[in-house]
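Following: one structure in structure tokens, then a few remarks.
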Amino acid sequence: MKLYRKKLDSLDALKREQLRLRYESKKADWSDLLPTPDLQTLGSLFHLKKGWLGTFMEVLSAKSEVQLLIALAMPLLKAWNQKRTKLRDKRAASGLPPKPSFFKKALRELFIGYIVGKAVMKGFSGLRSWQNRRKKQHSN
């Protein structure tokens, strides 16, 4: 049984062959491993996966609920982001200032709600203390 196609007679020949193979592996490029038509086919397959057909293929090939959820969520998130970008560009073209982000709106609402809540609490405690003082004055 032949394991290697070259006949190596000595240990020196084996070492030279190892050095040659290391040099060739460092010098190797993807174009050596995959010919150009295969790379073009590979690129067209990646392009195919971007559209709705690719989403449909990913949904059909999902093996778990998590993979199914990811396969369905990614196109929806991309579409939502594209719509947001389009609206933002349209707003900028018309000269209007950009809308604040959802995070900024939520943070502002939280802060304003906290301030209003504290003001109402202080107002009620002040009203209660005023009523208590008034009762004490009228009872004397």
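Any read-out appearing in this document is the output of simple, stated calculations on the displayed coordinates, not a laboratory observation. No experiment lies behind these values; they were computed from the predicted model shown. Cβ coordinates were reconstructed from backbone atoms using ideal geometry, including for glycine residues, and neighbour counts include every protein chain displayed.
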Handout entry: Which of Thr55, Thr85 has the fewest Cβ neighbours within 10 Å, and the rest in rising order
Key = Thr85, Thr55
Exercise for the section: Would you mind getting the Kirkwood hydrodynamic radius of region 100-140 from its Cα pairs, rounded to one decimal in Å? Expected result: 12.4
Handout entry: Ala93 versus Glu24: modelled label distance in nm, points set 7 Å from Cα along the beta carbon direction
Key = 5.7
Practice task
Can you tell me how much longer the chain between Lys83 and Leu127 gets when fully stretched, taken as 0.36 nm per residue apart minus their C-alpha distance, in nm with one decimal?
Solution key: 10.8 nm
